[in-house]
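The values are calculated or read from the model by the stated rules, or taken from the named source; none is laboratory data. For clarity, every value in this text was computed on a predicted model and none was experimentally measured. Because the Cβ atoms are built from the backbone with ideal geometry, glycine has one as well, and the counts that use them run over all protein chains shown.
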Amino acid sequence: MSTLPRQSPQAYPIERIRADFPALRQQIRGKPLVYLDNAASAQKPKQVIDTLAEFYRHDFSNIHRSVHTLGERATARYEASRDTVRRFLNAAAVEEIVFVRGTTEAINLVAQSFGRSRFREGDEIVISAMEHHSNIVPWQMVCRQTGARLKVAPIDEDGALIVEEYQRLLGPRTKLVAIAHMSNALGTLNPAGELIDMAHARGIPVLLDGAQAAPHVKVDVQALDCDFYAFSGHKLYGPTGIGVLYGKRKLLEAMPPWQGGGEMIRTVTFERTEYNDLPYKFEAGTPAIAEAVGLGAAIEYIEGIGWETIAAHEHALIEYATARALEIPGLRIIGTAGEKGAILSFTLERIHPHDIGTFLDHYGIAVRAGHHCAMPVMDFFQVPATARASFGIYNTHEEVDQLMDAIREIIKVFG
Ligand code: PLP
């Protein structure tokens, strides 16, 4: 049995946090729910659920268009949330915060606006071998449109980026680096600051896919000096349908809009249209108003716990889970980088990951089984899929024990 402590190092307010999440108080197949699918999407605290309900009850209206009281209230709350996001990312200005549907839309926006207007035949975009499909396919699409080419920085057997190889790919034709801050399939945390410095030394802008990192590490876009940062609200204990693209003001100002419609214009005639200022230039149509307000509530909720507290708790959980997993014969951990977040991807000898996922559900344990929208990672490790347990602020060491006991049961039954 692992000698690591079965609890987080400091007085972590686990009971209070768990009590905030109504979804955790249910039984699945007669067992208490153990929710370990946070990398796909996190559960919501009552503070977020109540904010959404209360916003719809009292303040809802369309925004930026009405002089009536509800219009003003809804606009004020939507824009206050933008400022919460600005503070969360430590961005210099609210104009640099664009509300989108999620990470996928943010990356597509950069590909279709920044990329399509700037990339030329023979230009190169550098990504890595651990990317989510959302940070591969939009670049392939813009490559087809412009004649640019995708270059892929390799990873090693631990699932860590080979930084020297990445650096060698950066050249005079590189027009953008787009890389995961943290991998969803492996848990690897990339040395973002170092990668950005290397790119900037050659004048190359960098987009960080922060879908996985934003819920787990303190992000400071000014300290990182990244040019674009993308994340999704639903993985950050917030609503679905809302996410953020951060972009440096200079870059966003120079970029053309990617969708046309209401809100993103200043004046329209049939002859020509004058576009609106930042960030509205990139927010065509009625946005996800309540969801943006809910995202603000989610950010305030996790900031209320504190980043250091969260990081220490999740670090203790993944260390403990890893140590316990290694005690199980036939269990292979996929993703063993030195720097990693609270994600345990694994396979079991002779048992398909989908069967693992289905079996665990009988124990009330929710994990993800599949390719995790990172098929090239599966190819690299020569596995069809993995089972993935991903931890969040409300998970406990007892839940890790339950997972490990259930895995031992699966091996007894199927192995
Ligand atoms: N990038 C990474 C690393 C992810 O893990 C995900 C979602 O799992 C995405 C991008 C896409 O996020 P969304 O589906 O919220 O747009």
Worksheet item: Name the residues in segment 67-96 that are over 16 Å from E300 (Cα atoms) and polar (S, T, N, Q), would you?
Response: T69, T75
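Yes or no, residue by residue, for (1) surrounded by fewer than 19 Cβ atoms within 10 Å (Cβ to Cβ); (2) in the same structural domain as L89 (by TED's automatic domain parsing):
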site: R266; (1), (2): yes, yes
site: T269; (1), (2): yes, yes
site: P279; (1), (2): no, yes
site: F282; (1), (2): no, yes
site: P287; (1), (2): no, yes
site: E291; (1), (2): no, yes
site: G294; (1), (2): no, yes
site: E314; (1), (2): no, no
site: L317; (1), (2): no, no
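Any idea which of D401, D405, D379 is modelled with pLDDT of 95 or more, away from the ligand (no atom under 16 Å from the Cβ), assigned by TED's automatic domain parsing to the domain that holds I334 and over 18 Å from E314 (Cα atoms)? Walk me through how you get there before you give the answer.
Values: D401 fails: over 18 Å from E314 (Cα atoms); D379 fails: modelled with pLDDT of 95 or more.
The match here is D405.
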Worksheet, complete the sentence: Inside segment 63-104, the number of residues satisfying the requirement of being within 16 Å of the ligand (Cβ to nearest atom) and closer than 18 Å to E263 by Cα is 4
Fill in: Residue satisfying condition, being surrounded by fewer than 18 Cβ atoms within 10 Å (Cβ to Cβ) and touching a strand residue (DSSP E or B) at 6+ places or on another chain (Cβ under 6 Å), within set V383, V413
V383
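What are the residues in segment 235-256 that are in a loop (DSSP other than H, G, I, E, B), within 12 Å of the ligand (Cβ to nearest atom) and out of contact with any Pro (no Cβ under 9 Å at 6 or more places or on another chain), if any?
G238, P239, T240, G241
Condition check: under 29 Å from G294 (Cα atoms), of a type outside the set (G, A, S) and either more than 11 Å from the ligand (Cβ to nearest atom) or surrounded by 24 or more Cβ atoms within 10 Å (Cβ to Cβ) (or both). Does I162 satisfy that? Break it down into steps so the answer makes sense when it comes.
Details: under 29 Å from G294 (Cα atoms): no; of a type outside the set (G, A, S): yes; either more than 11 Å from the ligand (Cβ to nearest atom) or surrounded by 24 or more Cβ atoms within 10 Å (Cβ to Cβ) (or both): yes.
When the stated conditions are applied, I162 does not pass them.
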Discussion item. Here is a list: E271, E263. Which entry is free of Cβ contacts under 8 Å to residues at least 24 places away in the same chain and in a loop (DSSP other than H, G, I, E, B)?
Written reply: E271
Discussion item. Residue pairs, Cβ under 8 Å, 6 or more apart or interchain, first in segment 120-143 and more than 19 Å from G102 (Cβ to Cβ) and within 13 Å of the ligand (Cβ to nearest atom), second among the small types (G, A, S) and at pLDDT below 95. List them.
Written reply: M130/A374
